[in-house]
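Worksheet: the structure to be examined is printed underneath.
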Ligand SMILES: [Zn+2]
């Protein structure tokens, strides 16, 4: 019984590691003024509403912008 429960939990969390770990992920502080890659608003250094992608820290104006970015970073980083 216990083993079954454990393996089913492990199976679920391995489905999409990035999505499942995102809410608990450590957030970096934005080091410089930048632009929200989702909506284009300016974001100030020091905010912690950030996401690290390809070793770059991106800052967001709101949690929903961050959520959009996390779900599909490449869409917003394309020029
Ligand atoms: Zn935004």
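Things to note:
- Residue pairs whose Cβ atoms lie under 7 Å apart, sitting 6 or more positions apart in sequence or on different chains, and linking a residue in segment 60-79 that is surrounded by 14 or more Cβ atoms within 10 Å (Cβ to Cβ) to a partner that is modelled with pLDDT under 95 and part of a helix (DSSP H, G or I), are 70/22.
- When segment 45-55 is filtered for residues that are surrounded by fewer than 11 Cβ atoms within 10 Å (Cβ to Cβ) and more than 10 Å from residue 27 (Cα to Cα), the ones remaining, listed by number, are 54, 55.
- Against the numbered list (1) in a loop (DSSP other than H, G, I, E, B); (2) at pLDDT 95 or above, residue 58 comes up short only at (1).
- For segment 35-51, taking the residues that are over 16 Å from the mean Cα position of the chain (by Cα) and more than 9 Å from the ligand (Cβ to nearest atom), the one that is nearest to residue 64 (Cα to Cα) is identified as 42.
- Of all residues in segment 61-79, exactly one satisfies the criterion of being at pLDDT 95 or above, more than 8 Å from the ligand (Cβ to nearest atom) and assigned to a loop (DSSP other than H, G, I, E, B), namely 72.
The values are calculated or read from the model by the stated rules, or taken from the named source; none is laboratory data. Since we're looking at a predicted model, the values are computed, not measured. Positions of Cβ are generated from backbone atoms using ideal geometry, with glycine treated the same way; all protein chains shown enter the neighbour counts.
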